[in-house]
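Have a look at the structure below, then the notes.
The values are calculated or read from the model by the stated rules, or taken from the named source; none is laboratory data. These numbers were taken from a predicted model, which means no experiment stands behind them. Backbone-built Cβ (ideal geometry, glycine too); neighbour counts: all protein chains shown. Keep in mind that these areas ignore ligands, DNA and RNA; they rest on the heavy atoms of the full protein, side chains included. Shrake-Rupley method; radii C 1.70, N 1.55, O 1.52, S 1.80 Å.
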Amino acid sequence: MEIAIIGGGIAGLATAINLKKRGFSPTVYERAPEILELGVGITILPHAMREHEALGIQAELVAAGIENVESCFFNRFGQKIYGEPRGLSAGNANPEVGIHRGRLHLVLLRKAQDVLGTDRIVTGRTFTGLEQDAEGVTIHLTDTVSGEALAPLRADVVLGCDGVNSAVRRQFYPDEGFAFAGINTWRGVTRMKPILTGGTYIRIGSIRTGKMVVYPIARFDDGSGDHLINWVAEIQSPDAVMNDWNRKVEPADLPDVFSSWHFDWLDVPAMIAGASEIFEYPMVDRDPVDRWSFGRVTLVGDSAHPMYPRGSNGSAQAVIDARVVADRLATLPPEEALKAYEAERLPACNKIVVTNRTAPPDLINIRVEELVGDRPFDNLDDFITQDELRALSDGYKTAAYAKAET
Ligand SMILES: Cc1cc2nc3c(=O)[nH]c(=O)nc-3n(C[C@H](O)[C@H](O)[C@H](O)COP(=O)(O)OP(=O)(O)OC[C@H]3O[C@@H](n4cnc5c(N)ncnc54)[C@H](O)[C@@H]3O)c2cc1C
């Protein structure tokens, strides 16, 4: 069976490796002329790491990133609200790891090239459209650099792994736009001394008055003990104009709310000022759809279920999709396989998209700000107990991991 994978990102490469393990030889068509280490930090949750372990790359990912031992929540005055163990420390079978997204991508690329052969990962090819008939799919590509249309290709199955701006999805949902709820974000990386345990995933403040997510993603091998710290600043405003995608900005371009965040355990303005690069980004997703599979074509990863990056779950769900679609193709005829994949994955992923909008992990910080007001507290237990906060945290996990793990 000739399987064409459109997009060589996290979903596309993980799907290609999973398919090869099941005896297929798919071809990946990637728009970028060269796959480079792009992006900033990403967290590989234990249920995602389980998938990477099955692909044989867990050890490499652990070595390239930093394991999270705990997750802690603070108000915007630097006071700790709640903390819990993470990854192996929380009894999971797999670690939770912060890593540079580009490093994760390159580890997947090397594995895909090893198992499939480099000729099966074709870069510099932009998908522009497809048609289906009874026997298969005709795919239209252009040369990304010259813009020239290439001779059409035929495949038995097409997997649209082309991300949040998917052209494959657009074929089936031509009028669809992004959903933007007024949340803008700024992402940066800063070289600095380890924060707290050195393996702490940190959420500070609330989306309404300014929020930051901070976690380490790499060590420096020069004996300095420094970490590369990934941070994301976010704020919601009803009259916000949507940030550009990946535009490089300066520290002064960030909202002023973070300028007073000098805590005894972290100096946020210094971290922002010391960033090697900062990019702006809008927090967007798309309204869930009730169909991903259309005959011999389906959607995988962000093209199927773009979600707010609030629970570290986007790439996790992409790599679970990758395994399930490969499993179904290995046992069923193409159209049935893609329907079975959709039946298994769509309800779980749509639920996460909605949960990430309405009840994300940082609901803890929002709830505390609602109860205490936008001011420091003397005794948090007067407002909410640690058990109640744990229930909020567990609520997200139940909604977003347990059902989605399959
Ligand atoms: C700020 C931020 C933080 C995040 N943090 C986390 C996190 O901590 N944990 C987590 O699990 N997830 C996180 N995510 C989500 C994660 O990055 C995505 O869910 C994941 O990258 C999805 O993989 P994908 O392969 O579907 O899409 P992508 O990785 O975007 O790959 C799509 C690929 O398709 C290619 N492509 C696009 N159009 C075409 C075309 N027309 N023809 C050919 N190729 C094409 C692109 O060049 C790209 O290589 C975060 C996302 C953001 C924005």
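What ranking do 324-337, 367-380 get when scored by the average of other Cβ atoms within 10 Å per residue, highest first?
Working: 324-337: 18.9, 367-380: 13.9.
My ranking of the peptides, most packed first, is 324-337, 367-380.
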Given Cβ point charges of +1 (Lys, Arg) and -1 (Asp, Glu) and nothing else, what value in debye, to the nearest 20, does the dipole of the chain about its Cα centre take?
540 debye
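Can you show me the helix-derived [θ] at 222 nm for the chain, built from DSSP H runs with n ≥ 4 at -39,500 (n - 2.57) apiece and divided by the number of residues, rounded to the nearest 500.
Calculated at 222 nm, the ellipticity per residue is -9500 deg cm²/dmol.
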Can you give me the distance in nm between label points at Ala93 and Trp245, each placed 7 Å from the Cα along the Cα-to-Cβ direction?
3.7 nm
Could you pull the accessible area for Glu30 with a 1.4 Å probe, rounded to 10 Å²?
30 Å²
Once amide H atoms are built 1.01 Å from N in the peptide plane, which residues 5 or more positions from Val249, or in another chain, come under 5 Å H to H?
Ile278, Phe279, Glu280
Which net charge results when you count Lys and Arg as +1 and Asp and Glu as -1 among the other residues whose beta-carbon is under 11 Å from that of Asn246?
0
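So for the chain, averaging the separation of alpha carbon pairs under 8 Å that are six or more residues apart and normalising by length, what relative contact order in percent results?
On the way: 875 pairs, mean separation 79.0, N = 406.
Rounded, it is 19 percent for the chain.
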Given a Förster distance of 56 Å, report the FRET efficiency between Asn379 and Asp114 from their Cβ-Cβ distance, rounded to the nearest 0.05.
0.50
Inter-part distance where the stretch 86-160 and the stretch 16-57 are each reduced to a Cα centre, Å:
8 Å
Packing-ranked peptide list from 267-274, 37-44, highest mean Cβ count within 10 angstrom first, is 37-44, 267-274
Can you tell me which aspartates and glutamates have their Cα less than 20 Å from the Cα of Lys248? Leave out same-chain residues fewer than eight positions away.
Glu37, Glu234, Asp256, Glu277, Glu280
How much length would be gained if the chain were fully extended between Asp253 and Ala149, taking 0.36 nm per residue of separation minus their Cα-Cα distance, in nm to one decimal?
33.4 nm
In square angstrom, what is the accessible area per residue of the stretch 70-192 with a 1.4 angstrom probe?
42 Å²
Residues of the stretch 295-406: accessible area per residue with a 1.4 Å probe, Å²:
38 Å²
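Round to a whole number: what % of the accessible area of the chain belongs to carbon and sulfur, probe 1.4 Å? Provide the component values of the computation, followed by the final result.
Working: 8170 of 16310 Å².
Whole-percent figure for carbon plus sulfur exposure: 50.
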